[in-house]
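Structure first, commentary second.
The values are calculated or read from the model by the stated rules, or taken from the named source; none is laboratory data. All of these numbers come straight from a predicted model, not from anything done at the bench. Cβ placement follows ideal geometry from the backbone for every residue including glycine, while neighbour counts extend to all protein chains displayed. In case anyone asks, the SASA skips ligands and DNA or RNA and just uses the protein heavy atoms, side chains included. Shrake-Rupley method; radii C 1.70, N 1.55, O 1.52, S 1.80 Å.
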Amino acid sequence: MTTQLQSFIAGQWLGKQSGQILRSAINGKPVAQTHADAIDFGEAVHFARSVGLPALMKLDFQQRAERLKALAKYLNEHKEVLYAISAHTGATRADSWIDIEGGAGTLFAYFGIGSNELPSGNLVHEGPAFPLGKKGGFAGTHILVPRGGVAVHINAFNFPVWGLLEKFAPSFLAGMPCIAKPATSTSYLTEAAVRLIQQSGILPEGSLQLVVGSTGDLLDRLNGADVVTFTGSADTAASLRVHPNLVRHSIPFNAEADSLNCAILGEDVTPDDQEFDLFVKEVAREMTSKAGQKCTAIRRAIVPRKHMDAVAEKLRARLAATVVGDPSVEGVRMGALASQAQQLDVAERVNMLLQAGAVQLFGAADGFAPKGEGVEQGAFFAPTLLACEQPFAIDAVHDIEAFGPVSTLMAYDDREEAIALAQRGKGSLVGTLVTRDPQLAARIITVAAATHGRWHILEREAAVESTGHGSPLPVLKHGGPGRAGGGEELGGLRAVKHYLQRAALQGSPTMLAAVTGEHVRGAKVNETAVHPFRSYFEDLKIGDSLLTHRRTVGEADIVAFGGISGDYFYMHFDEVAAKESPFGKRIAHGYFVLSAAAGLFVSPAPGPVLANYGLDTLRFIKPVGIGDTIQARLTAKRKIDRNKKDANGQGQGVVAWDVEITNQLGELVASYDILTLVAKRPA
């Protein structure tokens, strides 16, 4: 019995009328069917704006990050449900791990990004503020705020779960409700994931809607507050980019398109080197992982001409040892393409490459026989290795992508040719360079980075921990120029900022502090009767400040600090050399000035301030000489409630303190932020 797929629109599952039959990639049997019910996209967009957006805005960055962590845990607890369904897409257990647990891992990653890098509240201050006038009464800065719109995510068929979650995580964190549209052929797995998400009850209502089937007039209903993202073919990306409504309203559009990614074997590597085998292994893995259906897969293996035969021989041996078939059969290492339509498309494109002049070195004629029952009706495709001895003479090998287990060996004669071949892809998501020579890596990547979104440098040291050519990581940018779509996904906080609106802000420091929720230098401070370090997290207010007593720096201080630290730099101890320096005198150690300032502002008795765990933005601005008198001002700059408790159940928050150290002339000599854990009031 096939599963009737439904769309999740306006808080309801929609879809009773049978639509397109979706078949198992393993045996061709029906797995699910889409629905033929019409979707009211006006209702979907209205629900996202009127229900989803207000619900998300009731939470702040920190709280939304916590929801992502909870959702990641929930999906991992129910992952076997998704693994069972994923098998129908042709994926092996290892392939599904990338998709399912990789998707949950992305949620965990964005929990960490939100928790560690975003403030409480729904405004990000992109400081520091800077003066716009001479008297300090007028300043400027930048802020990021939620766009107040809807994120529409149009995803590809190859990663039905990860593709959904890697876009959902940063947009949810940024406070944007999402409408997700998976590719139809594997939408049954995405639908199962969304059902789990909805059943968890973790997300606020309206956070996520699902479209199974066509997007209809969805894009026509968007406005300038919205965002559209797309993953898929370069041709489809190009057509969506010029959609009249997207153009009319200047709606941000981010595309991540399939590209002809390359791997270069450095001219310094010989067949006797470990790196030679690493190159072969990497190419073979990218051909067979997910049956080559990865937007990051290696399509062009660029090899020194003198090593073409040796590389081909080793690659053929690896591919011949790859067992293809039903992933449920023991020993199978490569599954099927996602659908029979995909199987036909890959075959057609391989034929086009052969007609253009590529030569087949390995393929279906080399004993291809998928294992398992009923596999003759499946969408299996043999690992196919092509070769092109004259890659500058055949444009097709740089233009035609067979989106399956297909790669082409290309010969080059010198470094410049290798770079030129890499660039012939006209924009790629990722390239791999295998070399032992750091200077060669620097010369190649300095030029080739202009046409690639990411470079993976592989040699024996990195290989121990390398995540591989084809693995986008949440903390690194995923995207590329030109044919690859020109967009950026992931990249840590960068992805969240894509869904926020940046605005410049001008005004007095006091006004800037009020808007940003963060102390700005020059703003009015609150000279509290109680030392700020004696206030619990809840009681502490931004701008609470302490101006300390003074301390005059003597020669004994410098001598003592030199003895303790072992720092006998001439500027501190050599009177003659110091006079000849730009400062014209001996000066105190910068870190002594910091230590002395701490002695001025620290409240030594036990209290709410639990620990100092770092300094940010440290600058030594003017020297402090013998006889100078220093004074410090400590001001509560920023508070972040991470909703955490210690082992005893007492809550904690993070406070950043602005520290200004001045001399007897009122001149700033040092400046930095201190980060502390501060206890909340006992329950």
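Key figures
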item: From the options Gly137, Gly163, residue that is of a type outside the set (D, E, K, R), at pLDDT below 95 and within 30 Å of Leu218 (Cβ to Cβ); result: Gly163
item: Qualifying helices (runs of 4 or more DSSP H) (wholly inside the range 257-365; at least 2 residues being of a type in the set (Lys, Arg)); result: 274-288, 308-320
item: Residues that are within 15 Å of Ile626 (Cβ to Cβ) and either open to solvent by less than 60 Å² (accessible area, probe 1.4 Å) or among the small types (Gly, Ala, Ser) (or both), drawn from the range 538-559; result: Val553, Gly554, Ala556, Asp557, Ile558
item: Hits in the range 281-326 (condition: touching a Gly at 6+ places or on another chain (Cβ under 7 Å), over 15 Å from Ala263 (Cβ atoms) and surrounded by 24 or more Cβ atoms within 10 Å (Cβ to Cβ)); result: Ala291, Gln293
item: Residue list for the range 576-594, restricted to those being within 13 Å of Ile626 (Cβ to Cβ), in a helix (DSSP H, G or I) and open to solvent by 80 Å² or more (accessible area, probe 1.4 Å); result: Lys579
item: Residues of the range 358-402 classified as small (Gly, Ala, Ser) and open to solvent by less than 40 Å² (accessible area, probe 1.4 Å), total; result: 10
item: Which numbered condition Ile542 fails, given (1) under 47 Å from the mean Cα position of the chain (by Cα); (2) in a helix (DSSP H, G or I); result: (2)
item: Test result for Leu68, at pLDDT 95 or above, surrounded by 24 or more Cβ atoms within 10 Å (Cβ to Cβ) and closer than 23 Å to Lys294 by Cα; result: no
item: Subset of the range 207-239 (residues that are within 20 Å of Ala38 (Cα to Cα), open to solvent by 10 Å² or more (accessible area, probe 1.4 Å) and assigned to a loop (DSSP other than H, G, I, E, B)); result: Gly213, Ser214, Thr215, Gly216, Asp217
item: Sole exception among (1) surrounded by fewer than 20 Cβ atoms within 10 Å (Cβ to Cβ); (2) under 20 Å from Thr510 (Cα atoms) for Gln664, by number; result: (2)
item: Matching residues, the range 103-123, being closer than 30 Å to Val329 by Cβ and open to solvent by 20 Å² or more (accessible area, probe 1.4 Å); result: Gly105
item: Test result for Glu126, open to solvent by 20 Å² or more (accessible area, probe 1.4 Å) and in contact with a His (Cβ under 7 Å, 6 or more places away or on another chain); result: yes
item: The lone exception for Gly562 - which of (1) over 26 Å from Leu675 (Cα atoms); (2) surrounded by fewer than 14 Cβ atoms within 10 Å (Cβ to Cβ) it fails; result: (2)
item: Val45 vs. criteria β-branched (Val, Ile, Thr), open to solvent by 50 Å² or more (accessible area, probe 1.4 Å) and either in contact (Cβ under 8 Å) with a residue 24 or more places away in the chain or in contact with a Cys (Cβ under 8 Å, 6 or more places away or on another chain) (or both); result: no
item: Meets criteria (modelled with pLDDT of 95 or more and either out of contact with any Lys or Arg (no Cβ under 6 Å at 6 or more places or on another chain) or over 19 Å from Gly206 (Cα atoms) (or both)) for Ala32; result: no
item: Hey, Ile444 crowded, with 20+ Cβ neighbours inside 10 Å, more than 21 Å from Asp395 (Cα to Cα) and not acidic (Asp, Glu) or not; result: yes
item: Residue list for the range 517-537, restricted to those being among the hydrophobic types (A, V, I, L, M, F, W, C), within 20 Å of Pro131 (Cβ to Cβ) and open to solvent by 40 Å² or more (accessible area, probe 1.4 Å); result: Val525
item: Residues that are more than 19 Å from Leu165 (Cβ to Cβ) and crowded, with 18+ Cβ neighbours inside 10 Å, drawn from the range 482-516; result: Gly482, Arg483, Ala484, Gly485, Gly486, Leu500, Gly507, Pro509, Leu512, Ala513, Thr516
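The rows are residues; the columns are (1) closer than 20 Å to Gln343 by Cα; (2) of a type in the set (A, V, I, L, M).
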{"site": "Asn254", "(1), (2)": "no, no"}
{"site": "Gln274", "(1), (2)": "no, no"}
{"site": "Lys281", "(1), (2)": "no, no"}
{"site": "Ala284", "(1), (2)": "yes, yes"}
{"site": "Lys290", "(1), (2)": "yes, no"}
{"site": "Gln293", "(1), (2)": "yes, no"}
{"site": "Met308", "(1), (2)": "no, yes"}
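For (1) open to solvent by 30 Å² or more (accessible area, probe 1.4 Å); (2) in contact (Cβ under 8 Å) with a residue 24 or more places away in the chain; (3) among the hydrophobic types (A, V, I, L, M, F, W, C), each residue gets a yes or a no:
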{"residue": "Val51", "(1), (2), (3)": "yes, yes, yes"}
{"residue": "Gln62", "(1), (2), (3)": "no, yes, no"}
{"residue": "Ala72", "(1), (2), (3)": "no, yes, yes"}
{"residue": "His88", "(1), (2), (3)": "yes, yes, no"}
{"residue": "Ala94", "(1), (2), (3)": "yes, yes, yes"}
{"residue": "Phe138", "(1), (2), (3)": "yes, yes, yes"}
{"residue": "Ile143", "(1), (2), (3)": "no, yes, yes"}
